[in-house]
1. Taking the highest mean first, how do the peptides 364-375, 258-269 order by number of other beta carbon atoms within 10 angstrom per residue?
2. Using only helices, what value at 222 nm comes out for the chain when you add -39,500 (n - 2.57) per DSSP H run of length 4 or more and divide by the total residues, to the nearest 500 deg cm²/dmol?
3. Run the simple label-point estimate for Asp207 and Asn351 please: 7 Å along Cα→C-beta, distance reported in nm.
4. What is the calculated FRET efficiency for Glu253 to Lys96, with r their C-beta to C-beta distance and R₀ = 41 Å, to the nearest 0.05?
5. Subtract the Cα-Cα distance of Arg282 and Lys339 from 0.36 nm times their separation in residues, and report this length gain in nm to one decimal.
6. In terms of modelled amide H atoms, which long-range or inter-chain residues lie less than 5 Å from the amide H of Cys2?
7. Long-range amide H contacts for Phe268: which residues qualify at under 5 Å (H placed 1.01 Å from N, peptide plane, sequence gap of 5 or more or a different chain)?
8. Using 1/(1 + (r/R0)^6) with R0 = 35 angstrom and r between the beta carbons of Asp324 and Lys114, what's the FRET efficiency to the nearest 0.05?
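Just so you know, all these numbers are worked out from the coordinates, no wet-lab data involved. This one's a predicted model, so the numbers in the text were calculated from it and none came from an experiment. We place every Cβ from the backbone using ideal geometry, glycine too, and count neighbours over all the protein chains shown.
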Amino acid sequence: MCDTLISLPNASLDDYTMFGKNSDRLSDEVQLITHQPRKTHEEEEVKCTYISIPQVKETYAVLLSQPWWMWGAEMGTNEFGVTIGNEAVYTKEKIKKTGLLGMDLLRLGLERTKTAKGALDTIINLLEKYNQGGNCAYNGKMLYHNSYIIADHQEAYVLETADKWWIVEEVKDVRAISNSLSIRGKGDMRREGIIQHAIEEGYCKDDDDFDFAKTFAKSKVIGDDVPLTPRAVKSTELLNDAAGSITVDMMMEFLREHEAGICMHGAFESVGSQVSHLKPPRKKSVHWFTGSNHPCLSMYKPYTFPIRDQKVNSPGPYEKKNNDWFWMKHAKFIEPFKKQVNEKEKLTYMNEFDALERKIFLNVRDLVKQEEDLKEDDFMEKFNKINNEAWKKAYELIM
Ligand SMILES: [Zn+2]
């Protein structure tokens, strides 16, 4: 259960792309901010969560929000600003017991490409070759197909899949995806043979009747109305209402929305959150990650490439959970707030982290304004300091 939102430069207040995602997973599933630098590879294969596939000669530097036990990631970005978020979707197609996880495909897309279009092509090729499948939960069983928003500083794509079948819509200004198929009609690109397959399976009558979301959705569709999750309806409304003036802090605010539950509480919770401000390569894109549960109770911490001296974990998968992880300490700290006791302490905490986040946000904004006047090393030294300060404060808040 997740929500991914995108605003292209024509819908943003400045000239850049804004990306946002909440990763909604089982409430006790730790999600870590991890970094793998650019790497050359001698080994022939890469072991993903369940299967191994041929490795490429070089993988690019990636910054990921990763469920601790898997190879893949729920969301992330790379050194070129390619940024991806995935969603669980439920379709009429059978789900394979093994294969690449949707999250594996996401990481492979980030590691192997320099543009959104490149990542789209890579994910599609790997999906066609190795298919998707496998249990998406560490405890219990969770099987689903995947949809994605794949973005860079100038364009974005919605990719929706049903087993080995796929369809793509190019984003024009703003778009949100959630846990429902949403591409209507025939999309902008689709896998060859998909319409024929749908007719043969009896999902639709003929070519004219093909409407991807309607044809492939597992849920019952009455008339032409394909039900979207209430969260998708809400995030689309928020984006449309703000189109033309969308900013980074607005994106953070959208991800803290509670009426429709974009910030999810319950058995499934928003266990990680990312907002990325994506700029052309000559400028620094800034990525904000919570690295902790509930964006409404977490500070976003800033990152930019090259990632050196910024607080990250080594890339997963990990064998076992570690009580020293910030995510674990934070989850323990906010536990009483979730049960709606200690309301006064909760408000005090929220005011404190809100003020701190504001300060960090303004520090980053001021630094970015000086970007052109500073040498790269000086810029990075100052940026790293803000990242470290944000983490120091985040720790102090929960001690
Ligand atoms: Zn919340």
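1. Taking the mean over residues of other Cβ atoms within 10 Å, the ranking is 258-269, 364-375.
2. The helix-only estimate for the chain comes to -10000 deg cm²/dmol at 222 nm.
3. Result: 6.6 nm between the two label points.
4. About 0.60, to the nearest 0.05.
5. Value of the extension gain: 15.9 nm.
6. Residues meeting the criterion, in which the H sits 1.01 Å from N, are Asp24, Ala88, Asn179.
7. Hits under the 5 Å cutoff: none.
8. 0.50
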